[in-house]
Amino acid sequence: MDLLLGIDVGTTGCKASLFDIEGRLISSGYREYKIISPHVGWAEEDPEEWWLKVAEAIRECVGKAKINANRIAGVAISCTNGLVAVDKEGKPLINAIMQIDNRCLQEVSWVKDTIGEDEVFAVTGNRIAAGTFSAPNILWIKNNLPEVFKNTSKFLVPTGFIVYKLTGEFSMDYTRASTTLLFDIRDRQWSTDLCSKMEIPMDKLPDCYPSDVIIGKVKKEAAEMTDLMEGIPVAVGLMDTAAAAIGMGAIGVNDPFLIIGTVSRLSIGLKESIFDKRFLNVCYTSETPWMAMAPTNGGGISLKWFRDTFGEMETLTADNMGLSPYQLFDLKASRINAGSDGLIYLPYIAGERSPIWDSYAKGVFFGISPSHKKAHFIKAIMEGVAFATKHNLEILEKELGIQVKEIKIGGGGALSPLWIEIMAQILGKTIVKPRIVETETLGSAFTAGKAVGIFSKYNEVKKMVQIQSEFKPKGEVTNLYDKYFQLYKTLYSHLKEDYQHLQSIL
């Protein structure tokens with residue numbers, strides 16, 4: 001039993017990866033799925049599709065490895081943020097409401113007016129916002145789908161749903177419970193006071209555990225669907241950002257990292273939480289108890305949107321060449337000057353969280369001229385996500401006094417050397433890329449190993465992480481980007497009221 005299986009249920013796709021106990025990647029399987037948007041501002045996904053795609057990804061992973069599945073010592077799962085309402089048999093009653101969904105603005109206002117942001121913040125360490133946190137979405141279901149609310153046995157997150165499918169057990173880990181607005185982040189338990197004031201029955205919430213606790217074992221039906229062995233231990237799991245941090249060895253205090261996934265996240269582990277309202281504040285590990293997260297909603301999803309909407313030629317060409325369309329995007333954009341010749345992208349395609357927390361915000365291309373070609377828009381998207389990251393980094397350094405020298409990077413965007421280079425130039429920091437960019441699944445696999453006793457401390461993951469390359473900023477380019485960055489921030493301040501006006505028309 002010398003292999004560990006890590007699974008990540010992302011916003012637009014799931015991955016299953018097998019690693020040995022030294023951190024070597026044995027094989028992976030990946031499947032995509034779509035975000036469902038029945039109304040403007042809504043973002044849903046089908047949990048049963050997650051399960052089918054996860055099962056396919058596991059079968060692909062195990063098949064590629066050509067191993068006996070009894071060598072797998074344990075399984076752990078990480079996930080994106082979403083709310084899943086299930087009945088007593090674990091059947092989803094509606095589509096999952098995802099983190100970039102903004103339907104619950106009225107419920108957000110009700111919680112602010114009825115309970116108060118200060119009281120909620122004092123217990124949960126987080127602000128009240130749409131999509132990001134489960135409680136307003138639970139209230140939306142209660143107000144708009146009362147029969148669904150009544151018949152809901154448990155409100156789960158994606159990890160909890162897949163864990164249930166594998167084991168038949170309901171659960172939630174501390175990292176994801178931190179994003180519900182119902183969890184006492186210091187005492188690590190559900191807040192009876194907040195549940196009572198929001199009139200959310202506590203028996204509709206699953207029991208909470210540390211990420212590295214074994215919650216159950218792979219049951220027979222799940223084993224048949226996944227080609228896993230019945231009886232393999234399954235850990236409670238963790239949020240994707242925490243898994244990615246572990247997978248790149250960012251497990252210490254004041255050790256910053258950046259994930260360029262569907263949602264981009266600049267994060268840092270802390271001994272004492274700063275509990276700044278502009279960031280997400282979550283439980284992390286027993287060794288580094290807190291994590292501050294600064295999510296940019298329109299991270300990789302911006303480039304994926306551009307690929308799906310305007311990249312048909314690159315997609316077809318890449319398929320014929322055996323490449324990814326993003327590789328062709330890189331090639332095109334690499335020929336464009338820094339600053340995209342005056343084209344600036346505000347990456348608010350799905351609203352925005354840190355640091356502006358504006359659900360009404362929309363994506364903007366500013367400065368378009370006849371000289372701009374497709375390649376300019378590709379590079380502007382990459383730069384816009386980097387500007388959003390710098391906006392958060394500026395707060396960490398200048399306002400909170402956390403000095404950053406270098407930043408580890410992971411996620412799908414880290415497959416792009418150009419995007420990492422742009423990040424280094426705009427942030428003005430050395431960017432360090434691990435050899436394995438599948439950081440979420442590596443972090444999940446390590447968590448499985450810790451849960452079954454192969455590892456005793458999170459610090460041991462550093463032995464599994466090797467640095468592949470460094471990207472250093474160049475002074476003159478960074479200085480040019482600083483001028484664009486100041487304009488980037490000014491643009492939002494001018495558009496803030498216009499976003500609200502647009503929302504009133506929609």
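The values are calculated or read from the model by the stated rules, or taken from the named source; none is laboratory data. These numbers come from a predicted model, not from an experiment. Reconstructed Cβ throughout: ideal geometry from the backbone, glycine too, with neighbour counts over all protein chains shown. Just so you know, the surface numbers come from the protein's heavy atoms only, side chains and all, with ligands and any DNA or RNA stripped out. Shrake-Rupley method; radii C 1.70, N 1.55, O 1.52, S 1.80 Å.
Brief remarks follow.
- Most to least accessible of R278, R186 (protein chains only, probe 1.4 Å): R186, R278
- Amide H contacts of G13 (H built 1.01 Å from N, under 5 Å, at least 5 apart or other chain): Y33
- The chain - mean residue ellipticity at 222 nm from DSSP helices (-39,500 (n - 2.57) per run, n ≥ 4, rounded to 500): -12000 deg cm²/dmol
- Taking only alpha carbon atoms, the chain gives an Rg to Rh ratio of 0.95, where Rh is the Kirkwood radius.
- Carbon/sulfur fraction of accessible area - the chain, other protein chains in place, 1.4 Å, %: 50 percent
- V364 contributes about 30 Å² of solvent-accessible surface, heavy atoms of the protein only, 1.4 Å probe.
- Kirkwood-type radius of region 28-105, with distances r between different C-alpha atoms, in Å: 14.6 Å
- Evaluated at q = 0.17, 0.19, 0.20 Å⁻¹, the base-10 log of the normalised Debye intensity for region 73-204, with identical point scatterers placed on the Cα atoms, takes the values -0.87, -1.09, -1.21.
- From the C-alpha gyration tensor of region 362-485, square roots of 5λ in Å: 33, 17, 13
- Accessible-area ranking of W51, W357, W305, largest first, probe 1.4 Å: W305, W357, W51
- Cα-centre dipole for region 203-362 with unit charges at Cβ (Lys and Arg positive, Asp and Glu negative), debye to 20: 380 debye
- Region 304-404: C-alpha pair distances exceeding 18 Å, %: 56 percent
- Taking all protein chains into account, the per residue accessible area for region 417-506 stands at 49 Å² (1.4 Å probe).
- Heavy atoms of M229 accessible to a 1.4 Å probe, total area in Å² rounded to 10: 80 Å²
- An oblate overall shape is assigned to region 132-273, the ratio a/c of its alpha-carbon gyration tensor axes (a ≥ b ≥ c) being 1.5 or greater and a/b not exceeding b/c.
- Accessible surface of H501 - all protein chains present, 1.4 Å probe, nearest 10 Å²: 110 Å²
- Positive end of the dipole of the chain (Cβ unit charges, origin at the Cα centre): among F365, G413, F329, the Cα lying farthest that way belongs to F329.
- A Cβ-based charge dipole, computed about the Cα centre of the chain with Lys and Arg at +1 and Asp and Glu at -1, lands at about 920 debye.
- Label-to-label distance for D113 and R188 is 3.8 nm, based on points extended 7 Å past Cα in the beta-carbon direction.
- With the charge dipole of the chain set up from +1 on Lys and Arg Cβ and -1 on Asp and Glu Cβ about the Cα centre, the Cα lying farthest toward the positive end among the listed residues N281, S134, A96 is that of N281.
- Ranked by solvent-accessible area (1.4 Å probe, protein heavy atoms only, all chains present), the residues I260, I100 order from largest to smallest as I100, I260.
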